1. Could you put 100, 7 in order, starting from the residue whose Cβ has the fewest other Cβ atoms within 10 Å?
2. Stretched out fully, how many nm does the piece from residue 43 to residue 151 gain, at 0.36 nm a residue minus the Cα gap?
3. Find how much the distance from residue 71 to residue 127 grows on full extension, using 0.36 nm per residue of separation minus their present alpha carbon separation; answer in nm with one decimal.
4. For the range 95-213, what does the convex hull of the Cα positions come to per residue, in cubic angstrom?
5. Taking all pairs of distinct Cα atoms, average 1/r, flip it, and tell me the Kirkwood hydrodynamic radius of the range 136-187 in Å to one decimal place.
6. Please report the equivalent ellipsoid semi-axes of the chain, computed as sqrt(5 x eigenvalue) of the Cα gyration tensor, largest first, in whole Å.
7. Go ahead and run the numbers for FRET between residue 64 and residue 191, Cβ-Cβ distance against an R0 of 35 Å, rounding to 0.05.
8. If each residue of separation counts as 0.36 nm, what is the full-extension length gain between residue 98 and residue 4 once their alpha-carbon separation is subtracted?
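Read-outs throughout are calculated quantities, based only on the coordinates presented, and are distinct from any laboratory measurement. Quick caveat: nothing in here was measured; it's all calculated off a predicted structure. Cβ sites come from the backbone with ideal geometry, for glycine too, and all protein chains shown count toward neighbours.
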């Protein structure tokens with residue numbers, strides 16, 4: 001073992017998290033924490049780890065949160081990508097947010113569904129043109145021979161759509177994660193962290209419980 005790695009540690013001391021601090025609705029509580037992060041000006045604050053499960057193994061990657069409402073957490077991607085295929089086969093997914101500047105983590109578990117075509121087209125229309133072209137150029141997760149292949153494909157599409165709006169590809173759109181479990185983690189000294197978990201009940205209400213760190 002590399003003992004230099006083993007010595008890496010940070011004692012979390014910013015603040016605690018108590019039951020009285022929490023909103024009864026975890027999506028509102030997430031918005032309160034997210035608003036604090038937004039005001040801080042840190043970069044990539046909407047980055048989240050999306051975890052999916054295939055028939056043989058789990059898979060995880062960073063995606064960007066693009067919308068949040070009382071229905072859940074939305075992001076956009078290629079439906080034909082590896083994660084798209086895995087979500088089609090098993091809609092049980094997990095999200096993880098980590099904001100080190102705040103010594104906070106949020107875990108989300110639930111079902112994923114596609115957003116409406118109208119929502120996907122609305123978001124696609126406000127993407128930078130380069131990103132719109134990229135959605136057509138990239139057959140996400142498929143093998144390509146080299147970087148030049150992708151760049152040539154991009155140039156071809158730039159010429160194809162020159163002087164016109166770029167339409168949304170049929171294979172590209174949004175997903176929404178509808179949570180049934182959310183956990184709010186606040187780092188504390190000596191690894192005695194605060195962990196408060198919300199579990200959705202049959203009647204639609206949320207049960208809040210403290211977990212041992």
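1. 7, 100
2. 36.1 nm
3. 17.9 nm
4. Hull volume normalised by residue count: 180 Å³.
5. For the range 136-187, the Kirkwood estimate is 14.8 Å.
6. 35, 21, 17
7. 0.70
8. 31.5 nm
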